[in-house]
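Before any comments, here is the structure.
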Amino acid sequence: MRMYGLLLASLLLAGCGEPGADALARQAVAIEQGDECHLCGMVISRFPGPKGEAYEQGVEEVRKFCSTRDLLNWALEPENRHARQEIWVHDMSEVPWEQPDDEHFINAETAWYVVGSSQAGAMGPTPASFGDRAVADAFAGQYGGEVLGFEQLTLDKLNKNGRGMH
Ligand code: CU1
Ligand code: ZN
């Protein structure tokens, strides 16, 4: 599987400033071996494809998810939509599909998603997440699927190809 360029490599060099006003902002963390998906309970690191993380308001512990599919299924539930605070997905323009690197989590609410591509994650078809729309378009050109922004995602669109769990 190809990596999708290093378009954002230069951005990695930014953001090393003094801890300041945003020192309290919560960050995505590494997925450790043995971590289980908050939604389905599968051991996350065993599977390919983009994964997700979330912090909920008033909950200190980070939630980790086996796939963008499970993160988004959780995040788009009306009750979680209200309660959640910060969510992240892997930027697949930076990492190999088979083994995403946790250095490359991006804000899930500003990411672009290729839904319905031929590439599968832990739960079967899973949205491919990208920080850059042009990279998402190129991915869709190669693997099929539709490019959508976070606001365009719905539970229906996520689960069109079968829910894949239970
Ligand atoms: Cu799962
Ligand atoms: Zn899961």
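Quick grid of which residues meet (1) open to solvent by less than 40 Å² (accessible area, probe 1.4 Å); (2) among the small types (Gly, Ala, Ser):
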site: His82; (1), (2): no, no
site: Ser93; (1), (2): yes, yes
site: Pro96; (1), (2): no, no
site: Pro100; (1), (2): yes, no
site: Thr110; (1), (2): no, no
site: Val115; (1), (2): yes, no
site: Gly124; (1), (2): yes, yes
site: Ala134; (1), (2): no, yes
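Within the stretch 65-80, how many residues are surrounded by fewer than 15 Cβ atoms within 10 Å (Cβ to Cβ) and of a type in the set (Gly, Ala, Ser)?
Taking the stretch 65-80 and keeping what is surrounded by fewer than 15 Cβ atoms within 10 Å (Cβ to Cβ), we get 77-79.
Restricting the remaining residues to those that are of a type in the set (Gly, Ala, Ser) gives none.
Here the count works out to 0.
Out of the strands (runs of 3 or more DSSP E) lying entirely within the stretch 93-152, which hold 1 or more residues that are free of Cβ contacts under 8 Å to residues at least 40 places away in the same chain? Explain how you work it out, then say what you get.
Values: elements: 105-107, 112-115, 128-130, 146-149.
The strands (runs of 3 or more DSSP E) meeting that bar are 105-107, 112-115, 146-149.
On the basis of being within 23 Å of Ile31 (Cα to Cα) and buried (at least 22 other Cβ atoms within 10 Å of the Cβ), does Trp88 make the cut? Outline the logic, then answer.
On the way: within 23 Å of Ile31 (Cα to Cα): yes; buried (at least 22 other Cβ atoms within 10 Å of the Cβ): yes.
Yes.
Restricting the stretch 30-42 to residues that are more than 19 Å from Glu56 (Cα to Cα) and more than 12 Å from ligand 2 (Cβ to nearest atom), which is most open to solvent (accessible area, probe 1.4 Å)? So that I can check it myself, show each step before the final result.
Residues of the stretch 30-42 that are more than 19 Å from Glu56 (Cα to Cα), as a first pass: 32-34, 42.
Remaining after also requiring more than 12 Å from ligand 2 (Cβ to nearest atom): 32-34.
Values: Glu32: 102, Gln33: 170, Gly34: 46 Å².
The extreme case among them is Gln33.
Within the stretch 43-64, can you find the residues that are assigned to a loop (DSSP other than H, G, I, E, B) and open to solvent by less than 50 Å² (accessible area, probe 1.4 Å)?
Step one: list which residues in the stretch 43-64 are assigned to a loop (DSSP other than H, G, I, E, B), which gives 47-51, 57-62.
Once the filter is applied, which keeps residues that are assigned to a loop (DSSP other than H, G, I, E, B) and open to solvent by less than 50 Å² (accessible area, probe 1.4 Å), the stretch 43-64 yields Pro48, Gly49, Pro50, Lys51, Val59, Val62.
Does Gln27 qualify as being in contact with a strand residue (DSSP E or B) (Cβ under 7 Å, 6 or more places away or on another chain) and away from ligand 1 (no atom under 16 Å from the Cβ)?
On the way: in contact with a strand residue (DSSP E or B) (Cβ under 7 Å, 6 or more places away or on another chain): no; away from ligand 1 (no atom under 16 Å from the Cβ): yes.
The answer is no for Gln27.
Could you check Arg81 against (1) at pLDDT below 90; (2) assigned to a loop (DSSP other than H, G, I, E, B) and say which number it fails?
(2)
With within 26 Å of Glu61 (Cα to Cα), at pLDDT 95 or above, open to solvent by 20 Å² or more (accessible area, probe 1.4 Å) and away from ligand 1 (no atom under 16 Å from the Cβ) as the only criterion, which of Phe130, Phe105 stands out? Let's see the steps before the verdict.
Working: Phe130 fails: open to solvent by 20 Å² or more (accessible area, probe 1.4 Å).
On inspection, the qualifying residue turns out to be Phe105.
The values are calculated or read from the model by the stated rules, or taken from the named source; none is laboratory data. Keep in mind it's a predicted model, so treat the numbers as computed, not measured. Note: ideal-geometry Cβ built from the backbone for every residue, glycine included; neighbour counts use all protein chains shown. The accessibility values were calculated without ligands, DNA or RNA, using every heavy atom of the protein model including side chains. Shrake-Rupley method; radii C 1.70, N 1.55, O 1.52, S 1.80 Å.
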